[in-house]
Amino acid sequence: MGIFRYVDRYAAPTKEQRERYLTGKSEEHHFGPDGRIVLIEYYEAAYLKDDIDDVRILFTGFKDKLKARDVAKQLAGHHERRVPHKNLFRTGLQADGDSKPEDHKPG
């Protein structure tokens with residue numbers, strides 16, 4: 001039926017779309033860093049929320065709903081590659097080993 005992409009969290013989806021597609025039983029799946037990509041699957045639609053880039057995508061109809069998991073995995077992979085490793089920065093003291101700050105006073 002269709003794929004609707006929204007570029008910020010406040011624009012999506014319309015009231016009519018929520019009432020038509022986003023009702024009833026749902027199943028929630030988390031992807032990406034810290035689970036910040038959320039895929040909510042409904043009977044006839046899927047709603048993808050990327051809280052990293054504030055992108056929202058509504059997949060409507062059974063055919064387009066099948067694409068939602070692939071898109072969620074692609075977004076997760078994109079963000080995993082884009083986010084630098086958390087412990088890349090090391091101070092000079094850490095690089096020097098077990099030396100103490102007193103050992104490095106100028107003078």
**Study point:** Residue check, I57 outside any helix (DSSP H, G or I) and modelled with pLDDT under 90
**Key:** no
Review point. Quick check, is K49 at pLDDT below 90 and either in a strand (DSSP E or B) or basic (K, R) (or both)?
Key: no
Practice item. Being surrounded by fewer than 10 Cβ atoms within 10 Å (Cβ to Cβ) and closer than 17 Å to G35 by Cα is the filter; apply it to the stretch 70-95 and report the residue that is modelled with the highest pLDDT. Key: D70
Exercise for review: Kindly list, by first and then second residue, each pair from a residue in the stretch 64-84 that is over 11 Å from A46 (Cβ atoms) and part of a helix (DSSP H, G or I) to a residue that is of a type in the set (V, I, T) and at pLDDT 85 or above, limited to pairs with Cβ atoms under 6 Å and residues at least 6 apart or on different chains.
Suggested key: L75/I37; A76/I37; H79/I52
Review point. Say we look at the stretch 31-69 and pick out the residues that are small (G, A, S) and closer than 23 Å to R20 by Cβ; which of these is surrounded by the fewest Cβ atoms within 10 Å (Cβ to Cβ)?
Key: G61
Exercise for review: Quickly run through the stretch 28-50 and pick out the residues that are of a type in the set (D, E, K, R) and touching a residue at least 12 places away in the same chain (Cβ under 8 Å).
Suggested key: E28, R36, E41, E44, K49, D50
Review point. Name the residues in the stretch 8-30 that are exposed (fewer than 11 other Cβ atoms within 10 Å of the Cβ), assigned to a loop (DSSP other than H, G, I, E, B) and either under 21 Å from the mean Cα position of the chain (by Cα) or at positive phi (or both), would you?
Key: D8, Y10, G24
Study note, to complete from the structure: Counting only residues in the stretch 13-43 that are at pLDDT 90 or above and small (G, A, S), the one nearest to F59 (Cα to Cα) is identified as S26
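The values are calculated or read from the model by the stated rules, or taken from the named source; none is laboratory data. Remember, predicted model here, so these are calculated numbers, not experimental data. We place every Cβ from the backbone using ideal geometry, glycine too, and count neighbours over all the protein chains shown.
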